[in-house]
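These notes are about the structure you will find just below.
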Amino acid sequence: MQTAECLEQIAPYLFATIDRKRDDLEAQGIDVISLGIGDPDRPTPDHIVEAMAKAIRDPKNHQYPDYAGSPAFRVAAAKYMKTRFGVDVDPDREVLALIGSKEGIAHLHTAFVNPGDYVLAPSIGYPVYSIGATLQNANTYFMPMKEETGFLADFDHIPAEVLEKAKIMFLGYPNNPTGAIAPVEYFDKAIAFCKEHDILLAHDNAYSDLSYDGYVAPSILERTGARDVAIEFFSCSKPYNMTGWRIAFAVGNETAVQALGKVKNNLDSGQFTAIQEAAIAALTGPQDCVAEMCALYAKRRDSLVDALHAIGVECEAPKATIYVWAKVPEGYTSESFAAALLEKAHVIVTPGSGYGPDGEGFIRMSLTTPDESLLEAVNRMKSAM
Ligand SMILES: *Cc1c(COP(=O)(O)O)cnc(C)c1O
């Protein structure tokens with residue numbers, strides 16, 4: 001049996017390899033603490049679970065869902081965009097429910113990318129931006145992303161022959177994995193660039209509501225002209241501790257939203273309506289649960305950053321996201337430092353190189369580990385390193 005050629009080009013999923021290493025150590029009876037994957041440790045807030053419990057008993061929710069998302073879900077998403085960002089979107093034409101934003105991002109390639117085309121992806125980024133291209137037999141051009149320029153992906157030096165075939169530019173700020181945030185002028189520049197070159201600008205805004213020190217992240221759709229070229233992805237996963245529920249939405253340029261919807265109509269039949277009901281409770285209900293999570297993550301961030309500084313690891317306290325992005329010490333690569341931390345401290349971190357070429361020389365640590373475990377991990381790193 002022969003699998004597709006594009007499949008062979010995909011390295012094993014980053015976290016799958018790390019999970020296997022952890023399983024090996026745990027099989028030897030060793031307690032391993034993972035700061036690897038970004039998956040909120042706290043439960044989904046009660047009022048959201050209650051909404052689901054109620055919805056699951058309603059027989060009308062037991063049938064096929066509306067493919068684009070229930071009208072009520074799309075209205076809730078539009079309401080969220082209005083109250084949170086002051087952005088008006090048409091729930092009928094400019095909003096699409098997703099089975100997690102990863103699903104939507106992956107399928108965006110099917111809607112816009114032909115074999116041999118290019119996707120512009122940040123050189124440090126969420127892997128599906130480029131893997132989606134690979135699955136379309138298309139290419140990825142990695143836009144440089146350097147510490148000196150605040151980890152803002154550089155689209156000023158893209159070769160003309162790449163630009164000619166470029167169909168989508170992916171950006172995502174607040175950024176996973178670097179924790180970087182983008183000034184709105186950067187978004188304006190990206191919008192102008194994508195307009196000039198007729199490229200769809202896909203903004204991944206999974207961390208819009210997880211920010212610290214008074215920083216409030218924008219939607220790219222707040223910016224003038226964004227709707228002409230941009231689609232934006234929001235997810236209930238991180239702010240509402242709902243990673244397991246698989247519910248998110250895309251919003252923005254009507255052509256892009258409709259094209260993505262057309263792909264999805266033919267591939268999936270939408271997310272369980274009861275889950276959409278829970279997401280409505282999340283998006284339109286009280287937001288103090290999000291504020292509580294931000295306070296918790298900020299505290300964890302501070303203790304982790306302090307510990308890293310104490311062992312001589314360079315990093316900045318991020319203003320948003322649930323990650324600390326740190327430089328590996330002299331003499332190490334991303335992978336060798338991650339391996340050393342696993343062997344000596346039994347702590348899992350993610351090698352930055354797994355996020356793309358410019359991630360080399362960094363590691364990512366996630367703040368989604370319970371306080372006691374995070375403290376223990378910090379102590380282990382201090383004594384082992
Ligand atoms: C977690 C994450 C997502 C999405 O998650 P879903 O659970 O698929 O909605 C999207 N983009 C980035 C950068 C993420 O870190």
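Express the carbon and sulfur contribution to the solvent-accessible surface of the chain as a percent, rounded to the nearest whole number, probe 1.4 angstrom.
That share works out to 52 percent.
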By accessible area with a 1.4 Å probe, ligands and nucleic acids excluded, highest first: order of ARG57, ARG223 = ARG57, ARG223
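Rounded if a/c is under 1.5, else prolate if a/b is larger than b/c, else oblate: which is the range 209-361, with a ≥ b ≥ c the root eigenvalues of its Cα gyration tensor?
prolate
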Excluding residues fewer than 8 positions from LYS79 in its own chain, the lysines with Cα under 21 Å of it are LYS238
On the full set of protein chains, 1.4 Å probe, figure out the accessible area of HIS62 and give it in Å² to the nearest 10.
-> 110 Å²
Taking Lys and Arg as +1 and Asp and Glu as -1, residues besides GLY116 with C-beta under 15 Å from its C-beta add up to -2
Counting only backbone N atoms under 19 Å from a point 7 Å out along Cα-to-Cβ of GLU335, the residues of the range 359-384 in range are 359-365
Going down the table (LYS146/LYS327; LYS102/LYS146; LYS167/LYS195; LYS344/LYS382), which pairs top 19 Å between alpha carbons?
-> LYS102/LYS146
Place a label point 7 angstrom from the Cα of VAL184 along the Cα-to-Cβ direction, then list the residues of the range 213-227 whose backbone nitrogen is under 16 Å away.
-> 215-227
Can you give me the span-like helices of the chain, meaning DSSP H runs with 18 Å or more of Cα extent along the axis and Kyte-Doolittle mean at or above -1.0?
-> 14-27, 71-85, 184-197, 254-267, 288-310, 371-384
Over the Cα atoms of the range 46-284, how large are the radius of gyration and the largest Cα-Cα distance (Dmax), in Å?
-> 17.4, 56
If ligands, DNA and RNA are left out, what is the accessible area of ILE280 with a 1.4 Å probe, given in Å² to the nearest 10?
-> 30 Å²
From the Cα centre of the range 259-293 to that of the range 62-127, the distance in Å is 10 Å
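Return an integer: the convex hull volume of the alpha-carbon atoms of the range 65-196, in Å³ per residue.
With only Cα atoms used, the range 65-196 gives 125 Å³ per residue.
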Sparse-neighbourhood loop hits (trypsin sites (Lys or Arg not before Pro), the range 118-178; DSSP loop; Cβ within 10 Å at most 10 others) -> none
So what is the accessible area of the range 114-210 per residue, in Å², with the probe set to 1.4 Å?
-> 37 Å²
Could you tell me what % of all Cα pairs in the range 297-385 have separations over 17 Å?
-> 42 percent
Alpha carbon centre of the range 190-215 versus the range 315-378: separation in Å?
-> 25 Å
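The values are calculated or read from the model by the stated rules, or taken from the named source; none is laboratory data. The structure presented is a predicted model; accordingly, all values stated were derived computationally and were not measured. In this analysis, Cβ positions are derived from the backbone assuming ideal geometry, glycine residues included, and neighbour counts consider all displayed protein chains. SASA here: full protein model, heavy atoms, side chains in, ligands and nucleic acids out. Shrake-Rupley method; radii C 1.70, N 1.55, O 1.52, S 1.80 Å.
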